[in-house]
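The values are calculated or read from the model by the stated rules, or taken from the named source; none is laboratory data. Not measured: the values here are computed from a predicted model. A quick note on method: Cβ atoms are made from the backbone with ideal geometry, for glycine too, and the neighbour counts reach across all protein chains shown. Areas reflect the complete protein model, heavy atoms only, side chains present, ligands, DNA and RNA absent. Shrake-Rupley method; radii C 1.70, N 1.55, O 1.52, S 1.80 Å.
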Amino acid sequence: MTNALDLSPAEWGEALRAMGQPAFRAGQVFSWLHKGAKFSEMGNLPKTLREALAVEYDDSGVTIFERFPSKLDGTVKYLYRLADGNLIEGVRMRYHYGDTLCVSTQVGCRMGCRFCASTLEGLARNLTAGEILGQIVAANAEGKITNVVLMGSGEPLDNYDNVVKFLRLLREKGGVEMSLRSVSLSTCGLVPRMHRFAEEGLPVTLSVSLHAPNDDIRRTMMPVAETYRIEDVLRECRYYIEKTGRRVIFEYALAEGVNCAPENAKELASRLRGMQCHVNLIPLNPVKERELTGATRRQAEQFQHELEALHISATIRREMGRDISGACGQLRRGYIREHEAT
């Protein structure tokens, strides 16, 4: 059965015309669904239509199965249940300017990054556009989400068509209506799809998981580096900047003894010089199944200072939700009560 949130207003128009309904019904149904309503709750629709829609489309959406509130910073990790019983995680982060939701794009991940929990059990399946959107709709019921980061489980560009459709749905009038300038999409560097995405005309912030200043180090951390060289990834970043006019964010997880020495900072700066970009430094978060350990705060600050001295914009990311395993690299496929082990 088709997820009701998968349909655009135009697709609802076609579906409802086939059911003998007037054109204005498409906007009504679309708007109700994006408010989190079920067909039975759509009071301005005829009862016969509501019943017919319930037969043809799944309005169960994405539901919040359990919440894990942080005792440190107000962050909340959500465990979402999908219609087929799969479970995924997402994180609500509270800032002075509003709430940001970290959403998943796949059930699991097949990229195999050696510091990340999301990929431990591999990829079960892609999420549909409506399932990605459903995470926001469910969270909106607990307070409006103002910003979205596609940085949960999964590689967004590995689920290209569904992610692009989700982005288009997100900004539709009458729906969630979020500006795509409030959205960040993270990728580990799938070069051909980065190039294709630059041509979509979607003004999201591109966040590239670089994590190393050269291919030798990157290959020890990210299997994708066996296929795509840093040189190729950075070429596509420059193309994205040229096409969108937006700067690129480089995510750089600092791993003790691997990629956080002063000479690593100098090499990274030499690669990024002249690019419209910013570097997000992330002391690696603990994942119990992984051997890599995070750099110290002092090492992170030294790395930042090295970059800034060479005129590369850099900040150390504020860690949020670490006590609930909700920080960068800690989200998982499925259900595990990490908070009981921390």
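When residue 4 is tested against (1) free of Cβ contacts under 8 Å to residues at least 40 places away in the same chain; (2) among the small types (Gly, Ala, Ser); (3) open to solvent by less than 20 Å² (accessible area, probe 1.4 Å), exactly one condition is not met: (1). Here the condition is being within 24 Å of the chain's Cα centre (by Cα) and modelled with pLDDT of 95 or more; of 63, 48, 75, it holds for 63 alone. Taking the stated definitions as given, is residue 235 more than 30 Å from residue 165 (Cα to Cα), at pLDDT 95 or above and not hydroxyl-bearing (Ser, Thr, Tyr)? So residue 235 fails the test.
If we scan the stretch 78-87, do we find a residue that is under 17 Å from residue 319 (Cβ atoms) and buried (at least 23 other Cβ atoms within 10 Å of the Cβ)? Talk me through it step by step, then tell me what you get.
Restricting attention to the stretch 78-87, the residues satisfying the condition of being under 17 Å from residue 319 (Cβ atoms) are none.
Checked against the condition, which is being under 17 Å from residue 319 (Cβ atoms) and buried (at least 23 other Cβ atoms within 10 Å of the Cβ), the stretch 78-87 yields no hits at all.
Does the stretch 244-257 contain at least one residue that is within 20 Å of the chain's Cα centre (by Cα), crowded, with 20+ Cβ neighbours inside 10 Å and on the phi > 0 side of the Ramachandran plot? No, every residue in the stretch 244-257 fails to be within 20 Å of the chain's Cα centre (by Cα), crowded, with 20+ Cβ neighbours inside 10 Å and on the phi > 0 side of the Ramachandran plot.
In the set (1) without any contact (Cβ under 8 Å) to a residue 24 or more places away in the chain; (2) touching a helix residue (DSSP H, G or I) at 6+ places or on another chain (Cβ under 7 Å), the condition left unmet by residue 201 is number (2).
Could you please give the count of residues in the stretch 284-313 that are open to solvent by less than 20 Å² (accessible area, probe 1.4 Å), modelled with pLDDT under 90 and not aliphatic (A, V, I, L, M)? First the steps, then the outcome.
If we filter the stretch 284-313 for residues that are open to solvent by less than 20 Å² (accessible area, probe 1.4 Å), which is where we start, we get 284-285, 287, 295, 300, 303, 307, 312.
The next check asks that each one be modelled with pLDDT under 90; those that pass are 284-285, 287, 295.
Now drop any that are not not aliphatic (A, V, I, L, M), which leaves 285.
Number of matching residues: 1.
Restricting the first member to the stretch 50-79 and to residues that are under 30 Å from residue 19 (Cβ atoms), and the second to residues that are assigned to a strand (DSSP E or B), the beta-carbon pairs closer than 7 Å and six or more apart or on different chains are 57/2; 58/2; 58/3; 62/80; 63/80; 63/81. Just a yes or no: is a residue in the stretch 213-222 open to solvent by 10 Å² or more (accessible area, probe 1.4 Å) and within 23 Å of residue 103 (Cβ to Cβ)? For the stretch 213-222, residues open to solvent by 10 Å² or more (accessible area, probe 1.4 Å) and within 23 Å of residue 103 (Cβ to Cβ): absent.
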